[in-house]
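Undergrad: Sharing a structure, written as structure tokens. Questions coming.
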Amino acid sequence: MKYFLLAVSCCLFIASQAQSDCNVLLKELEGKYDGECKKGLANGSGKAEGTDSFVGEFKKGLPHGTGTYTWANGDVYQGEFEKGLKEGAGELKYTNNPDPLVGYWKEDEYIGKYRVPFEVSNKGAAMQRISISETKLQQEKAIEIFVNMDNQAVFNPYINITVLQGAFGYSQNTARSVYLTDISFPFKADLTFKGQKATVLINKEGMWKVTIEVKEQLLK
């Protein structure tokens, strides 16, 4: 019986020693770790406690995947991580502010409520390129749409606009563009020129310039 108890004690000692040899590579999380391990590093699901704490997924000793990070001051981030840094969607709650910061992070920096400020999809074959840029010239919520055909400006362009998300208050046709004002963002619309359609989504509020580059010989 005593040999059995000795064997059990040895196994428990070896297991606890192996667990203590499982390292977390963030200084703020060094101290206690409970979870999966690979080659001496936290890897998989686990919980690390140091001056700060983290519960979630690890890879090669660092938070990687989804999890919850709690700072010593009580601030809490719940979301996605990559190589120990906030990366992707998440929510940051502050102890001294009732409004959480919700959105996306890149390399530990908050980049906004949306992963990308704009997006183009379902582009017609003759629409070779659609460029979108934010301009600081005016402080209003507006979108100005231009058309170039074979690298030449199209004057008095007729663009059919079908709103899919958001809204605009007023549309003005100019010699070179279609100008939309009082935009409600996120704004998503199908833009159609001479039978060619593209879907444009602009998430971020501001003044935007959209340029549609069209190749004439591809128009149907």
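The values are calculated or read from the model by the stated rules, or taken from the named source; none is laboratory data. Computed from a predicted model, the values in this text were never measured in an experiment. For neighbour counting, all protein chains shown are included, and Cβ atoms are generated from backbone atoms with ideal geometry for every residue, glycine included.
Undergrad: Scan the stretch 39-96 residue by residue and report those that are farther than 18 Å from Asp21 by Cβ, among the aromatic types (Phe, Trp, Tyr) and in contact with a Gly (Cβ under 9 Å, 6 or more places away or on another chain).
TA: Once the filter is applied, which keeps residues that are farther than 18 Å from Asp21 by Cβ, among the aromatic types (Phe, Trp, Tyr) and in contact with a Gly (Cβ under 9 Å, 6 or more places away or on another chain), the stretch 39-96 yields Phe54, Tyr69, Tyr77, Phe81, Tyr94.
Undergrad: Right, another one. Within the stretch 184-220, work out how many residues are among the charged types (D, E, K, R) and not in a loop (DSSP other than H, G, I, E, B). Quick ask: steps written out before the conclusion?
TA: First, the residues of the stretch 184-220 that are among the charged types (D, E, K, R): 188, 190, 194, 197, 204-205, 209, 213, 215-216, 220.
Cutting the leftovers down to not in a loop (DSSP other than H, G, I, E, B) gives us 188, 190, 197, 209, 213, 216.
Selection size over the stretch 184-220: 6.
Undergrad: Examine the stretch 169-178 for a residue that is closer than 30 Å to Val214 by Cα, among the aromatic types (Phe, Trp, Tyr) and touching a strand residue (DSSP E or B) at 6+ places or on another chain (Cβ under 6 Å), and state whether such a residue exists.
TA: Yes, there is a match, as at least one residue in the stretch 169-178 is closer than 30 Å to Val214 by Cα, among the aromatic types (Phe, Trp, Tyr) and touching a strand residue (DSSP E or B) at 6+ places or on another chain (Cβ under 6 Å).
Undergrad: Are there any strands (runs of 3 or more DSSP E) wholly within the stretch 1-88 with 3 or more residues that are modelled with pLDDT of 95 or more and either over 29 Å from the mean Cα position of the chain (by Cα) or of a type in the set (Val, Ile, Thr) (or both), and if so which? If you could, list the steps in order and put the result at the bottom.
TA: Values: elements: 32-38, 41-49, 53-59, 62-70, 76-82.
Filter on the stretch 1-88 gives 32-38, 62-70.
Undergrad: Further question on the same structure: List the pairs whose first member sits in the stretch 154-168 and is among the small types (Gly, Ala, Ser), whose second member is in a strand (DSSP E or B), and whose Cβ atoms are under 7 Å apart, counting only residues at least 6 apart or on separate chains?
TA: Partner pairs satisfying both residue conditions: Gly166/Ser184; Gly166/Phe185; Gly166/Pro186; Gly166/Phe187; Gly166/Lys188; Ala167/Ser184.
Undergrad: Right, another one. Tell me which residues, restricted to the stretch 155-175, are surrounded by 15 or more Cβ atoms within 10 Å (Cβ to Cβ) and on the phi < 0 side of the Ramachandran plot.
TA: Let us first name the residues in the stretch 155-175 that are surrounded by 15 or more Cβ atoms within 10 Å (Cβ to Cβ), namely 157, 159, 161, 166, 168.
Within the stretch 155-175, Pro157, Ile159, Ile161, Phe168 meet the criteria.
Undergrad: For the stretch 111-122, indicate whether the set of residues that are outside the structural domain of Lys86 (by TED's automatic domain parsing) and over 30 Å from Gly88 (Cβ atoms) is non-empty.
TA: No, that holds for no residue.
Undergrad: Within the stretch 141-176, count every residue that is of a type outside the set (Phe, Trp, Tyr) and in a loop (DSSP other than H, G, I, E, B). Walk me through it before giving the result.
TA: Initial filter on the stretch 141-176 (of a type outside the set (Phe, Trp, Tyr)): 141-145, 147-154, 156-157, 159-167, 169, 171-176.
Filter again for in a loop (DSSP other than H, G, I, E, B), leaving 141, 150-151, 154, 156-157, 159, 169, 174-176.
Count: 11.
Undergrad: Would you mind finding the one in Ala142, Ala126 that is among the small types (Gly, Ala, Ser), within 26 Å of the chain's Cα centre (by Cα) and either surrounded by 15 or more Cβ atoms within 10 Å (Cβ to Cβ) or not assigned by TED's automatic domain parsing to the domain that holds Ile183 (or both)? Quick ask: steps written out before the conclusion?
TA: On the way: Ala126 fails: within 26 Å of the chain's Cα centre (by Cα).
Selected residue: Ala142, the only one of Ala142, Ala126 that is among the small types (Gly, Ala, Ser), within 26 Å of the chain's Cα centre (by Cα) and either surrounded by 15 or more Cβ atoms within 10 Å (Cβ to Cβ) or not assigned by TED's automatic domain parsing to the domain that holds Ile183 (or both).
Undergrad: Going by what's in this entry, would Glu134 be described as modelled with pLDDT of 95 or more and either assigned to a strand (DSSP E or B) or hydrophobic (A, V, I, L, M, F, W, C) (or both)?
TA: no
Undergrad: Another question, if that's okay. Go through the stretch 189-202 and count every residue that is within 30 Å of the chain's Cα centre (by Cα) and surrounded by fewer than 18 Cβ atoms within 10 Å (Cβ to Cβ).
TA: 4
Undergrad: Based on what the data block shows, is Pro117 more than 22 Å from Asn203 (Cα to Cα) and at pLDDT below 95?
TA: On the way: more than 22 Å from Asn203 (Cα to Cα): no; at pLDDT below 95: yes.
Taking the combined requirement at face value, the residue does not satisfy it.
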